[in-house]
Amino acid sequence: MKIALVAACDRNNFGDVLLPIMLEDFIKKYSEIDFDFEYFALSAADLSNVGGKKTKPISLINSDINIIILTGGEVLCSHYLNMYLNLQTSRFKIIFLKVLSKISHVLADGICKCLLKGKTPLPWIVDPDSRQIVIYNAVGGIGLDKMRENHKIEIKKLVNKCSFFSVRDKKTYSEINKMGVNCELIPDTAVLMSDFYTDEFLQSHCSAEVKNIISELDTYFVLQVNKKYGKYLIDSISCVIDRLNNAGLKCVLLPIGRAQGHEDIIPLSKIARKAKNSILIEQNNIYDVIYIIKNSVLYTGTSLHGAITAISYDIPHVALTSEAVKLINFLETWNTTKKTYFKDFDDMYNYIVNLQCNYDCICDNKKVKSTAKDYLKRMLNGIEDYDNKNKN
């Protein structure tokens, strides 16, 4: 039986690449059925160089696929325009489409839909036939309240067609309920990564360069920021990193999102030049990201899946800025840390330098993990029941 694992895993962002792999790992671990997995994204890609998989375009999903799983991510509010831009390296195309979108977002979105060979009004809506099971697994959509009514109608139709439909945060859950349909509130699947990626596994999948860097460090914290937020914070972040270094805490600057629109490496490179004692990770695969965060004393940033990695390994985690709405919404939904974001950079310095004394930093997220695991086991039971019925 074939399972299509669908995600934005054609772009080099940690969470997008990791989520379908984790779901495959989970199913293989807990099911005795030998499923055939195929990876689908909006375009054909091969991110095996960063630990990812080869993908086929979602437009090629056909009736040969028995089960379609949207593996997670902020998929409900995505449009073809921003998804196409995330995949681009051509500066001309990016500028052209951004200018066109200011004139007519509908036109720019329609062009991108054609370029991506989209078959549905929104890129991550699938239209199954009567024999297929469709599952949306802990997806996000915090901008649902701002979507056009015709798109909300399409999402409502989608939810009613799904065998399982779960979302990962309270805001998305509330907006789906306002549509008059039911869904489940479930943590992001990545909270379970500590069940799969042990020290031994990570040691064998990390790059030699990253292992060497981390082996030479005693105590360090991890900082990540994307281009959108980071461009305004470079001087302030550099200053607090220098202050913390003087207090005996090194900073590892970790790019987690590298796709267009995220581009962590741009602000982090500028911070590294200003904060002379910081350590910039210039190249990394998905297992390097996990290894670095797992061995740190704290993660702070704007990346949701950077924080979820910390949650999984019980590492203290705080959003770098109050602007990181998607991240803060998840932290507040699952109550994984008492301090969700830093009010300012003095607050950041004081919190990190006194980390050993902050009892609210002590993490124990067993309940969050068990909630995710119980849901996935129920989902797997549904898949296995479907498989058994088709055999009989």
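Each value in this text was obtained by applying a stated rule to the coordinates, not by laboratory testing. From a predicted model like this one, the values you see are computed outputs, not experimental measurements. Using ideal geometry, Cβ is built from the backbone for each residue, glycine included, and neighbour counts are taken over all protein chains shown.
Sorting the segments 154-164, 247-257 by their residues' average number of neighbouring beta-carbon atoms within 10 angstrom, most packed first, yields 247-257, 154-164. Under a cut-off of 22 Å between alpha-carbon atoms, report the lysines in cross-link reach of Lys339, not counting same-chain residues fewer than 8 places apart. List returned: Lys170, Lys171, Lys250, Lys294, Lys326, Lys366, Lys367, Lys369.
Amide H to amide H, with H built 1.01 Å from N, Lys250 comes under 5 Å of Thr219, Phe221, counting only residues 5 or more places away or on other chains.
Amide H contacts of Gly73: Gly140, each under 5 Å away and 5 or more positions distant or on a separate chain (H built 1.01 Å from N in the peptide plane; Pro and chain starts excluded). Once you have a ≥ b ≥ c as the square roots of the Cα gyration tensor eigenvalues for region 137-255, tell me rounded if a/c is under 1.5, and otherwise prolate or oblate according to whether a/b is larger than b/c. Oblate, since a/c reaches 1.5 and b/c is not below a/b.
Between Phe40 and Leu5, Val6, Ala7, Lys56, the built amide H atoms are under 5 Å apart, and every one of these is 5 or more places off in sequence or on another chain.
Rounded, prolate or oblate: pick one for region 2-62, where a ≥ b ≥ c are the square roots of the eigenvalues of its C-alpha gyration tensor, a/c under 1.5 means rounded, and failing that, prolate if a/b is larger than b/c, else oblate. Note, shape of region 2-62 comes out oblate. Within the same chain, lysines fewer than 8 places from Lys93 are excluded, and of the rest, those with a Cα less than 24 Å from its Cα are Lys56, Lys102, Lys113, Lys117, Lys119, Lys227, Lys228, Lys231. Comparing Cα centroids, region 308-357 and region 22-61 end up 31 angstrom apart. Using alpha carbons only, how many angstrom separate the centre of region 220-235 from the centre of region 124-185? Taking the Cα centre of region 124-185 as reference, the centre of region 220-235 is 32 Å away. Relative protection proxy for 7-18, 189-200, from highest mean packing down: 7-18, 189-200 (other beta-carbon atoms within 10 angstrom). Counting only DSSP beta bridges whose two residues both lie in the chain, roughly 10 percent are antiparallel.
Please say if region 252-301 is rounded, prolate or oblate, where rounded means a/c under 1.5 for a ≥ b ≥ c the square roots of the C-alpha gyration tensor eigenvalues, and otherwise the choice is prolate for a/b larger than b/c and oblate otherwise? Taking the square roots of the gyration eigenvalues as a ≥ b ≥ c, region 252-301 is oblate.
Peptides 218-226, 338-346 ordered by packing proxy, namely the average of other Cβ atoms within 10 Å per residue, highest first: 218-226, 338-346. Entry note, the chain: the mean residue ellipticity at 222 nm calculated from DSSP H runs of n ≥ 4, each adding -39500 (n - 2.57), is -13500 deg cm²/dmol after division by the residues and rounding to the nearest 500.
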